[in-house]
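The values are calculated or read from the model by the stated rules, or taken from the named source; none is laboratory data. Everything quoted here is computed from the prediction, not taken from an experiment. Quick reminder, even Gly has a Cβ in these numbers, built from the backbone with ideal geometry, and neighbours come from all protein chains shown. To get the accessible areas, we keep the full protein, side chains included, count just its heavy atoms, and leave off ligands, DNA and RNA. Shrake-Rupley method; radii C 1.70, N 1.55, O 1.52, S 1.80 Å.
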Amino acid sequence: MFDRYDEVAFVGATLGPLFAADPADASSARQVATFAALDVDAAATEWPFVAEERARKSLAAMREGAEDADSEALVWEYRRLFVGPGAMPVPPWGSVYTDRECVVFGEATLALRSWMRRNGIARQGDEKTPEDHIGLMLLLMAWIASHKPELLEEYLRDHLLTWSSHMLEQLEGAAQHSFYRGLAQLTKESLEGIAAEMGIQVEYPRFYR
């Protein structure tokens with residue numbers, strides 16, 4: 001029986017804001033600051049669902065990048081990767097990868113929206129941001145683990161794990177800043193570790209990007 005919902009909530013609440021908000025935003029800046037002051041060895045020992053050596057490597061990269069957070073490099077890298085202007089190397093929405101037309105608000109977004117409505121779950125973020133944004137989905141994972149844990153396996157299996165590893169692999173390859181390389185690694189391995197711990201079998205869709 002799975003009983004590590006608090007740790008799932010920790011992963012989502014810790015990593016979600018780093019994707020969901022620009023580093024210039026106060027909530028994201030606070031999260032980045034915690035990584036700048038991180039005791040990597042202690043954190044790697046305690047980080048859930050990821051082997052200690054793997055966690056140490058990712059956390060060290062994040063701390064290295066976070067220590068440079070006072071410069072504009074982190075902000076510009078976030079915007080280059082996820083916002084624009086120009087083509088984004090790593091769009092943060094699931095439907096861009098799984099929809100034949102590679103669009104936002106695609107079938108994956110609508111399926112997630114419908115699932116949330118059926119289960120009485122309010123959307124995260126503003127009305128302009130598609131629900132299948134990786135940051136919002138990590139925050140939603142944390143909320144579900146804390147408030148509706150009976151829905152967690154279904155949410156992960158059908159809506160997040162179907163595309164998260166694919167997107168995060170692309171992020172690791174595209175990131176030019178150590179903070180985002182470490183973030184990609186840590187998020188991917190955390191989600192895959194949760195899936196393994198819960199025994200979730202994922203049916204992966206075809207990726208169009």
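Under a Cβ-only charge scheme (Lys and Arg +1, Asp and Glu -1), can you give me the dipole magnitude of the range 1-103 about the Cα centre, in debye to the nearest 20?
Magnitude of the dipole: close to 300 debye.
Which percent of the accessible area of the range 142-209 is formed by carbon and sulfur heavy atoms (probe 1.4 angstrom)?
Its accessible area is 41 percent carbon and sulfur atoms.
Cα-based Rg of the range 47-106 per 2.2 N^0.38 Å, rounded to two decimals?
1.49
Under a point-charge model restricted to the Cβ atoms of Lys and Arg (+1) and Asp and Glu (-1), what is the dipole moment magnitude of the chain relative to its Cα centre, in debye to the nearest 20?
I would put it at about 580 debye.
To the nearest µm²/s, what D does Stokes-Einstein give for the range 110-209 at 10 °C and 1.306 mPa s, using the Kirkwood radius over alpha carbon pairs as Rh?
The estimated diffusion coefficient comes to 111 µm²/s.
Rolling a 1.4 angstrom probe over the protein heavy atoms, how many square angstrom per residue are accessible across the chain?
47 Å²
Could you please report the charge total around Leu140, scoring K, R as +1 and D, E as -1 over all other residues with beta-carbon less than 11 angstrom from its beta-carbon?
After counting each charged neighbour, the total is 0.
Size of the dipole of the range 108-209 about the Cα centre, Lys and Arg at +1 and Asp and Glu at -1 on the beta carbon, nothing else charged, in debye to 20?
About 320 debye.
So what's the convex hull volume per residue for the Cα atoms of the range 1-149, in Å³?
Enclosed volume per residue, from the Cα hull, is 137 Å³.
Using a Förster distance of 35 angstrom, determine the FRET efficiency expected from the C-beta separation of Met1 and Lys128, and round it to 0.05.
0.30
Using a 1.4 angstrom probe and counting only protein chains, how large is the accessible area of Arg80 in Å², to 10?
Its accessible surface works out to 80 Å², give or take rounding.
Positive end of the charge dipole of the range 32-94 (Lys, Arg +1 and Asp, Glu -1 on Cβ, about the Cα centre): tell me which of Pro92, Ala61, Phe35 has its Cα farthest that way.
Checked the options; the winner is Pro92.
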